[in-house]
1. Full extension from Glu152 to Ser106: what is 0.36 nm times the residue separation minus their Cα-Cα distance, to one decimal in nm?
2. Skipping prolines and chain starts, which residues have an amide H placed within reach, meaning under 5 Å, of the one on Leu141, given they are 5 or more residues away or on another chain?
3. Just to be sure I understand: with springs between alpha-carbon atoms less than 10 Å apart, which residue in Asp225, Asp23, Asp209 has the highest mean-square fluctuation in the Gaussian network model of the chain?
4. Under 15 Å from a label point 7 Å along Cα→Cβ of Ala67: give me every residue in the stretch 80-100 with its amide N that close.
5. Excluding Lys64 itself, calculate the net charge of residues whose Cβ lies under 12 Å from the Cβ of Lys64, where each Lys or Arg counts +1 and each Asp or Glu counts -1.
6. Taking all pairs of distinct Cα atoms, average 1/r, flip it, and tell me the Kirkwood hydrodynamic radius of the stretch 23-89 in Å to one decimal place.
7. For the stretch 138-199, what is Rg from Cα atoms divided by 2.2 N^0.38 Å, rounded to two decimals?
8. Considering only Cα-Cα distances, which of the following residue pairs are longer than 28 Å: Lys72/Lys140; Lys53/Lys195; Lys213/Lys239?
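Quick note: the coordinates plus some simple rules give every number you see, no bench work behind them. Computed from a prediction, not measured in an experiment: that's the story for all the values here. Cβ coordinates were reconstructed from backbone atoms using ideal geometry, including for glycine residues, and neighbour counts include every protein chain displayed.
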Amino acid sequence: MLCYSLLYDGSPRSLERLRQLPDVALELLLPSNTLVSLSLPEIVDSLLDEGAKVVAVKLADGAKCGAEGVEKAVVVADELGAELIVVPMDAGSAAEALSALEEAYSLIVAYSKKVALEPTRRAFPKALEFMNGFLGGVFKLSVSPSRGSTTEEVLALSLAHLGQLAAVKLAGFARDGRVLRVSSVGGLNAFAIIKELVERGYDEYFVLDYEAKGLVLPPEAVRSDCGLLSQYIHSLLEKL
């Protein structure tokens, strides 16, 4: 239910960082140039050798690499045993992203994967319209806070689409735009978001989304925040 979004480009440095998080479930954040330039074995073999616990694959740059990139992400996810592919999109790239997803739809279904669209505020209506055009629940939503987002806004948006929700991203922002840890004072109240959603029956992913927003912490800090939230979620579930 809880995972950490880790930027992975296939380099020795990113592999070493992954090694330092051996017990953390991961959303693998793949840049488009990594998807395009590396072969499937070059992406997955080291991860399999390390026993990485990958539960989702996210296209860091959205569907910038087109249907071919989406399809490759689907195969990467399947090789790693992940069930979810996350595709961010903004208003400017929405048409391109949705076209790529439509083209890759048959492969997504063939591999029995789900795709979570992660739209910005302005792209949300287009994402919902697209999702409603498909049956079977293949397309889901990932709610991700942005600068200026409040706890109340994230909760309202998540609750309004609870049945379509596959992931809720957790990271806050200070007034000056700095990304904040969930354990920091200020920013989003991640504990309030988790509590409300779990009590409403949400049982999909909460994702610590630091690296996609520019905050790269030492592994021990990542483990600390993951442990804190995991314990909190566990205590909530015990009370239900």
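1. Working: separation 46, 0.36 × 46 = 16.56 nm, distance 3.71 nm.
Separation in residues times 0.36 nm, less the Cα-Cα distance, equals 12.8 nm.
2. Leu117, Leu165, Ala166, Ala167
3. Taking springs between Cα atoms under 10 Å, the residue moving most is Asp23.
4. Only 96-100 fall inside the zone, counting backbone N under 15 Å.
5. Working: positive: none; negative: Asp61, Glu68, Asp90, Glu96.
Result for the neighbourhood of Lys64: -4.
6. Working: mean 1/r = 0.0858 Å⁻¹.
Here the Kirkwood hydrodynamic radius works out to 11.7 Å.
7. Working: Rg = 11.6 Å, N = 62, 2.2 N^0.38 = 10.6 Å.
My calculation over the Cα atoms of the stretch 138-199 gives 1.10.
8. Details: Lys72/Lys140 19 Å; Lys53/Lys195 25 Å; Lys213/Lys239 33 Å.
In this structure, Lys213/Lys239 lie more than 28 Å apart at Cα.
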